[in-house]
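Structure first, then comments.
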Amino acid sequence: FLKGKKIILGYDNDDAGFAGIKQTANLIKRKNTDPPYIVRPPAKYKDWGEFIVDVPRRVALGYINHNVSRMDYSFAVSELLS
């Protein structure tokens, strides 16, 4: 059903969000699937709800468009270094 689709996951900046990222990374390894894309709200916001309410729609869309990244090896390395 999702084959060939660009899947973008939007995790929050909280413990559940970080757990979700780890869980997805493990699933990708087990299933040997193409990695999805990921985007998180700016660090000063704990979740997407805070961010979306605080900024105009065009700012939110611009942020998302410029911060989507593939959840691949480069992503894993950057997560470890941050």
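Restricting to the stretch 3-25, name every residue that is among the hydroxyl-bearing types (S, T, Y) and either within 21 Å of I52 (Cβ to Cβ) or without any contact (Cβ under 8 Å) to a residue 40 or more places away in the chain (or both).
Y11 - this is the single residue of the stretch 3-25 that is among the hydroxyl-bearing types (S, T, Y) and either within 21 Å of I52 (Cβ to Cβ) or without any contact (Cβ under 8 Å) to a residue 40 or more places away in the chain (or both).
Can you name the residue in the stretch 37-79 that is in a strand (DSSP E or B) and open to solvent by less than 40 Å² (accessible area, probe 1.4 Å) and, of all such residues, is farthest from G4 (Cα to Cα)?
The residue in question is V39.
Please go through the stretch 2-36 and pick out each residue that is in a loop (DSSP other than H, G, I, E, B) and either hydroxyl-bearing (S, T, Y) or on the phi > 0 side of the Ramachandran plot (or both).
G4, Y11, N32, T33
Across the stretch 24-36, which residue is nearest to the chain's Cα centre (by Cα) among those that are over 11 Å from Y11 (Cα atoms) and surrounded by 12 or more Cβ atoms within 10 Å (Cβ to Cβ)? Before the answer, list the steps.
Let us first name the residues in the stretch 24-36 that are over 11 Å from Y11 (Cα atoms), namely 25-36.
Next, from what is left, pick out any that are surrounded by 12 or more Cβ atoms within 10 Å (Cβ to Cβ): 25, 28, 33-36.
Values: A25: 11, I28: 14, T33: 17, D34: 15, P35: 11, P36: 9 Å.
Step by step, filter the stretch 24-36, then rank; the result is P36.
I need a count of the residues in the stretch 1-23 that are over 13 Å from the mean Cα position of the chain (by Cα) and open to solvent by less than 60 Å² (accessible area, probe 1.4 Å).
0
The values are calculated or read from the model by the stated rules, or taken from the named source; none is laboratory data. Quick caveat: nothing in here was measured; it's all calculated off a predicted structure. No Cβ is skipped: glycine too gets one built from the backbone with ideal geometry, and neighbour counts run over all protein chains shown. SASA here: full protein model, heavy atoms, side chains in, ligands and nucleic acids out. Shrake-Rupley method; radii C 1.70, N 1.55, O 1.52, S 1.80 Å.
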